[in-house]
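The values are calculated or read from the model by the stated rules, or taken from the named source; none is laboratory data. Here the structure is a predicted model, which means the values were calculated and not measured. Cβ coordinates were reconstructed from backbone atoms using ideal geometry, including for glycine residues, and neighbour counts include every protein chain displayed. Areas reflect the complete protein model, heavy atoms only, side chains present, ligands, DNA and RNA absent. Shrake-Rupley method; radii C 1.70, N 1.55, O 1.52, S 1.80 Å.
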Amino acid sequence: MYSRRLAEKLPRVRETIAEAAARSGRDPARVRLVAVTKGHPMEALAAAREHGLTDVGENRLEELERKRGAMNGDEAVRWHMVGHVQGRKAPRARELAGLLHSLDSLKLARRLERTGRGGGDPLPVLIQVNTSGETAKHGFSPDGFRESLPEILGLESLRVEGLMTMAPLTDDRELLRRTFRRLRELHMEAREAVSEYRGVELSMGMSNDYDLAVEEGSTLVRLGTALFGERAQ
Ligand SMILES: *Cc1c(COP(=O)(O)O)cnc(C)c1O
């Protein structure tokens, strides 16, 4: 079922990305598709692999761990952790995530640093910034991001690859666009102002709004529903 569904959906999703990239003069090859399999069974993951998708996302560490284990060391998969990580789970996040999209507080950054002191490769992370202004969302405020960036960049066991944002749940296309644009502006500003910041990734865009996110510069779109259909819960 998942395989057939992907065969049907994937070409259209790729087309949407290509068209949105073209509208803003971007190279569609700079937009990676992260297949968010949360809430779907292993069959969804198998179908993603069968269709050549290598970037897989989960929003809970437990589910990521379970699925990663079941993939028996499929080396081609890059595991994206896109959801909030509690401080006490920092060691698991470091072990399991190939890219942590949701570095959403200084506290978490410091916890991750403590667990990474033993050496080994730095953990690739994106700093999550709340650019929608919704108070219920995780992430740094724009001002909090500016203030915290130097400290985060100084943590040797983290490698900051860029920024991430979550758009509000709305059909207001202008509000969605502003949320994405704000993230790109913060990113450009940081590139200018902070020489140690060499981020190149902008993780933004979900099933409902990824066309706008690509127009506004997204390099990582996180798609669940658009690829796999509605989740059970
Ligand atoms: C669930 C989730 C997604 C995918 O959402 P869809 O609307 O199903 O595409 C993307 N990012 C995060 C952080 C999520 O939790």
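Inspect all residues belonging to region 161-181 and state whether any of them is in a helix (DSSP H, G or I), within 11 Å of residue 129 (Cα to Cα) and open to solvent by less than 20 Å² (accessible area, probe 1.4 Å). Steps first, please.
Our first condition is that a residue be in a helix (DSSP H, G or I); within region 161-181, this holds for 173-181.
When the remaining residues are screened for being within 11 Å of residue 129 (Cα to Cα), the result is 179-180.
Pick out the ones that are also open to solvent by less than 20 Å² (accessible area, probe 1.4 Å) and you get 179-180.
Yes, because at least one residue in region 161-181 is in a helix (DSSP H, G or I), within 11 Å of residue 129 (Cα to Cα) and open to solvent by less than 20 Å² (accessible area, probe 1.4 Å).
Filtering region 27-60 down to residues that are within 16 Å of the ligand (Cβ to nearest atom), over 14 Å from the mean Cα position of the chain (by Cα) and of a type in the set (A, V, I, L, M, F, W, C), which residue is surrounded by the fewest Cβ atoms within 10 Å (Cβ to Cβ)? For region 27-60, the residue satisfying everything is 53.
With respect to the stated conditions, residue 214 fails to be closer than 27 Å to residue 53 by Cβ, open to solvent by 40 Å² or more (accessible area, probe 1.4 Å), in contact with a strand residue (DSSP E or B) (Cβ under 8 Å, 6 or more places away or on another chain) and at pLDDT 95 or above. Scanning region 198-233 for residues that are near the ligand (Cβ under 9 Å from one of its atoms) and hydroxyl-bearing (Ser, Thr, Tyr) yields a count of 4. Evaluation of residue 230 against the conditions (1) of a type outside the set (Lys, Arg); (2) open to solvent by 10 Å² or more (accessible area, probe 1.4 Å); (3) not in a loop (DSSP other than H, G, I, E, B) shows that the sole unmet condition is (3).
Name every residue in region 33-76 that is among the charged types (D, E, K, R), outside any helix (DSSP H, G or I) and in contact with a Lys or Arg (Cβ under 9 Å, 6 or more places away or on another chain), in order of residue number.
As a first pass, look at region 33-76 and keep what is among the charged types (D, E, K, R): 38, 43, 49-50, 55, 58, 60, 62-63, 65-68, 74-75.
So of that shortlist, the ones also outside any helix (DSSP H, G or I) come out as 38, 55, 58, 60, 74-75.
Across region 33-76, the qualifying residues are 38, 55, 58, 60, 74.
One line per residue, one yes/no per condition, for (1) surrounded by 20 or more Cβ atoms within 10 Å (Cβ to Cβ); (2) more than 18 Å from residue 104 (Cα to Cα); (3) among the hydroxyl-bearing types (Ser, Thr, Tyr):
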residue	(1), (2), (3)
130	yes, no, no
141	no, no, yes
186	yes, no, no
218	yes, yes, yes
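Number of residues in region 77-121 that are over 19 Å from residue 64 (Cα atoms) and within 16 Å of the ligand (Cβ to nearest atom): the value is 1.
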